[in-house]
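Structure record follows, encoded as structure tokens.
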Amino acid sequence: MVVRGWGEFLLTDAMTAALSFTGVTVSFGAYTAVRDANLRVQEGEFLSVVGPTGCGKSTLLNLAAGLLAPTSGTVEALGTPLRGINRRAGYLFQADSLMPWRNARDNVAAGPEFAGQSRAAARAAAEAWLDRVGLHGHGAKYPHQMSGGMRKRAQLAQTLVLDPPILLMDEPFSALDVQTRQMMENELLALWQGSATRKSVLFITHDLEEAISLSDRVVVLSAGPATRPIAEFPIDLPRPRDVAEIRLTPHFQEGSCWVPGCWFASSDKSGN
Ligand SMILES: Nc1ncnc2c1ncn2[C@@H]1O[C@H](COP(=O)(O)OP(=O)(O)OP(=O)(O)O)[C@@H](O)[C@H]1O
Ligand SMILES: [Mg+2]
């Protein structure tokens, strides 16, 4: 595994950015959550961001989704400055975001319907995506009739049915048990690798093993306030990956030992 200092990747890589944060600061009143953050997600890259709780991970994702505007600095999506909602991104929230009054199929169909598809076409697309995420035959179930894993699958279908080039995922599997989580991680990787045009993924987690097993690159944030990226690690583990098997390889274990070491050694509690 290759170790590079923060910023080196930015200086040497001239690829197109799916998402680009430049000098971004976010203040909530007197509290500065993010200060002078620079971050790029390359097109087709699977990038994970890890950091301690409350440091500002969801804030970064909200910026990328266009749900929040930076206090200063710029956020660009596919080369265009973001103004308002990022229509080229799908957002998988940490919390359940299914509408309790709609069944699984109608939850997944909602996005295409709002985007102007006919009800029949939206429902057909929803059924196809429910099949792809392993929910064949469960379309008539309401959220309260589904397990946590099933609800996450439905949310994944809800996000992917719109075929966004950018995926924003906020600790999507953190509430699941280990087996279901690994199954979902593998399914996510299979869908990501299997898509005709590879999506750019910004994945938030505080689980380093999850970050390493999924990603092309892991970016570490400093503790808040005034969080910013302080280190990054390209992950050169071979693909396709099985997240359970890859954790047992010496190459992975070598990486998952030193990444936390670096994280704790380099956490910048002063925020400077
Ligand atoms: N709308 C807001 N108004 C005021 N403060 C906010 C707002 N949104 C976030 N914050 C503050 O900004 C900081 C970062 O919050 P954020 O939700 O981004 O953290 P996080 O890294 O996602 O945490 P966790 O790992 O617990 O999900 C926190 O101190 C939070 O209280
Ligand atoms: Mg969060």
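The table below gives the values:
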{"read-out": "Proximal charge balance of F93 [Cβ under 13 Å; K/R count +1, D/E count -1]", "value": "0"}
{"read-out": "Over the range 98-163 - Rg/Rh using Cα atoms and the Kirkwood inverse-distance radius", "value": "0.92"}
{"read-out": "Order of K141, K57 under a 10 Å beta carbon neighbour criterion, fewest first", "value": "K141, K57"}
{"read-out": "Evaluated at q = 0.12, 0.14 Å⁻¹: base-10 log I(q)/I(0), Debye formula over Cα of the chain", "value": "-0.74, -1.00"}
{"read-out": "Karplus-derived 3J(HN,Hα), 6.51/-1.76/1.60, for each residue of the range 62-78, Hz, glycine and proline x", "value": "5, 5, 5, 7, x, 7, 9, 9, x, 5, 8, x, 10, 10, 10, 10, 6"}
{"read-out": "Selected from T25, T59, T249 as most flexible by GNM, with the chain as the system and alpha-carbon contacts under 10 Å", "value": "T249"}
{"read-out": "Distance in nm between pseudo-label sites at A140 and S27 (7 Å out along the Cβ direction from Cα)", "value": "5.7 nm"}
{"read-out": "Estimated translational D of the range 79-219 in µm²/s (Stokes, Kirkwood radius over Cα pairs; 37 °C; 0.692 mPa s)", "value": "211 µm²/s"}
{"read-out": "Acute angle (nearest 10 degrees) that the helix 178-194 long axis makes with the longest principal axis of the chain, alpha-carbon atoms", "value": "90 degrees"}
{"read-out": "Formal net charge of residues neighbouring R123 (Cβ-Cβ distance under 12 Å; K, R +1; D, E -1)", "value": "0"}
{"read-out": "Gain in span if fully extended, R198 to T74, counting 0.36 nm per residue against the direct Cα distance", "value": "42.2 nm"}
{"read-out": "Relative contact order of the chain, defined on C-alpha pairs under 8 angstrom at six or more residues apart (%)", "value": "26 percent"}
{"read-out": "Tilt relative to the chain, helix 104-114 - C-alpha long axis, 0 to 90 degrees, to 10", "value": "80 degrees"}
{"read-out": "Value of relative contact order over the range 98-163, rounded to a whole percent, pairs C-alpha under 8 Å and six or more apart", "value": "46 percent"}
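Computed from the coordinates by the stated procedures, all read-outs in this text should not be read as laboratory data. It should be emphasised that the depicted structure is a prediction, and the values quoted were computed from it without experimental measurement. Methodologically, a virtual Cβ is constructed for each residue, glycine included, from the backbone with ideal geometry; neighbour enumeration extends over all protein chains shown.
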